[in-house]
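Novice: Below: one structure in structure tokens.
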Amino acid sequence: GSPTVVAKIHHPCMGREGGLEVQVIHLKGAIEITALCDKADPYIKLTLHDGQFELGGEHLGEIARTETKNNAGGNAVFNEPFRMIKPARMEFLRVELWDENVTIDALQASGDVDLDEVYIDGKGAEQRPVLRTIELQYKGKAAGLVQLRLRLRL
């Protein structure tokens with residue numbers, strides 16, 4: 001008989017709008033770039049984007065941020081839930097670690113979550129919550145871990 005062709009769906013949630021529930025659980029082992037003896041005051045910023053985050057503008061979707069954990073340094077527990085609106089073309093979530101300062105907040109590290117992978121791990125239409133540990137990077141070097149619980153509502 002003829003061979004069975006299995007069509008691979010590359011973007012299972014591409015083109016589907018809906019909601020994204022994100023719980024920022026904790027930050028671990030972040031490299032502290034802050035000088036002097038001041039401990040970092042970390043917060044996490046989440047931004048939906050279409051894969052072209054650096055271009056900004058129309059490529060960015062909803063933004064959420066946690067509270068600042070004063071003097072927490074490179075480890076902090078957040079346990080903060082967010083509900084974000086996911087436009088059809090936004091398939092990535094940028095996770096950024098910031099250090100809040102009196103003058104200007106400093107970006108410490110960042111990483112991306114591919115929402116297609118979250119969709120697959122969430123078991124398709126059922127969409128169970130998915131735990132993800134995001135490896136943050138700063139200038140190409142590992143700079144800490146952020147744990148998230150994600151759930152797509154498509």
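Novice: Just to make sure I understand: if all protein chains stay in place, what is the order of I25, I85, I120 by accessible area at 1.4 Å, largest first? Could you put the intermediate results ahead of the total?
Specialist: Details: I25 20, I85 120, I120 100 Å².
Sorted by accessible area, descending: I85, I120, I25.
Novice: I would also like to ask the following. So what J values fall out for segment 125-136 if you push phi through Karplus, 6.51 cos²θ - 1.76 cosθ + 1.60 with θ = phi - 60°, rounded to Hz, Gly and Pro as x?
Specialist: 4, 5, 6, 7, x, 10, 8, 9, 9, 9, 7, 7
Novice: Tell me, what ³J(HN,Hα) does each residue in segment 20-26 have, in order and in whole Hz, if you take phi through Karplus 6.51 cos²θ - 1.76 cosθ + 1.60 with θ = phi - 60° and put x for Gly and Pro?
Specialist: 10, 9, 10, 10, 7, 8, 7
Novice: May I pose another question? Using a 10 Å cut-off on Cβ atoms, rank the peptides 40-49, 72-81, 121-130 from the highest mean neighbour count down.
Specialist: Details: 40-49: 23.3, 72-81: 16.2, 121-130: 13.5.
Highest to lowest by the protection proxy: 40-49, 72-81, 121-130.
Novice: Ok, one more. Using +1 at the Cβ of each Lys and Arg and -1 at the Cβ of each Asp and Glu in the chain, identify which of F92, F53, Y119 lies farthest towards the dipole's positive end.
Specialist: Towards the positive end, the residue furthest out is Y119.
Novice: Right, next: Using θ = phi - 60° and the Karplus form 6.51 cos²θ - 1.76 cosθ + 1.60, what ³J(HN,Hα) does each residue of segment 60-77 get, whole Hz, x for Gly and Pro?
Specialist: Ordered by residue, 3J(HN,Hα) equals 9, x, 5, 10, 9, 8, 7, 6, 7, 9, 4, 6, 6, x, x, 9, 8, 9 Hz.
Novice: Could I ask something else about it? Report, by chain and number, residues whose modeled amide H sits under 5 Å from the one on I31, excluding near sequence neighbours (fewer than 5 apart, same chain).
Specialist: Under 5 Å from the amide H of I31 lie the amide H atoms of G144, each far enough along the sequence or on another chain.
Novice: Lys and Arg at +1, Asp and Glu at -1: add these up for the other residues within a Cβ distance under 11 Å of K69 and post the number. Don't jump to the answer; show the numbers that get you there.
Specialist: Numbers: positive: K39; negative: D41, E67, E80, D99, E100.
Local charge sum for K69: -4.
Novice: Right, something else. With n ≥ 4 as the cut-off for DSSP H runs, can you work out [θ] at 222 nm for the chain, using -39500 (n - 2.57) per run divided by the number of residues, rounded to the nearest 500? Numbers along the way, then the final one.
Specialist: Working: 1 runs with 7 residues, N = 154.
For the chain, the value works out to -1000 deg cm²/dmol.
Novice: Given +1 on the Cβ of Lys and Arg, -1 on the Cβ of Asp and Glu, and no further charges, what dipole in debye does the chain carry about its Cα centre, rounded to the nearest 20?
Specialist: Numbers: 19 positive and 23 negative charges, 103 e Å.
Once rounded to the nearest 20, the dipole reads 500 debye.
Novice: Decide, for the chain, between rounded, prolate and oblate: order the square roots of the alpha carbon gyration tensor eigenvalues as a ≥ b ≥ c, take rounded if a/c falls under 1.5, and otherwise choose prolate if a/b is larger than b/c, else oblate. Display every interim value, and only then the final one.
Specialist: Numbers: a/c = 2.16, a/b = 2.10, b/c = 1.03.
It comes out prolate by the Cα gyration axes.
The values are calculated or read from the model by the stated rules, or taken from the named source; none is laboratory data. Note that the coordinates shown come from a computational prediction; the quantities given were computed from them, not determined experimentally. So basically every Cβ, Gly included, is an ideal-geometry build from the backbone, and we count neighbours across all protein chains shown. Only protein heavy atoms, including side chains, enter the accessible area calculation; ligands, DNA and RNA are left aside. Shrake-Rupley method; radii C 1.70, N 1.55, O 1.52, S 1.80 Å.
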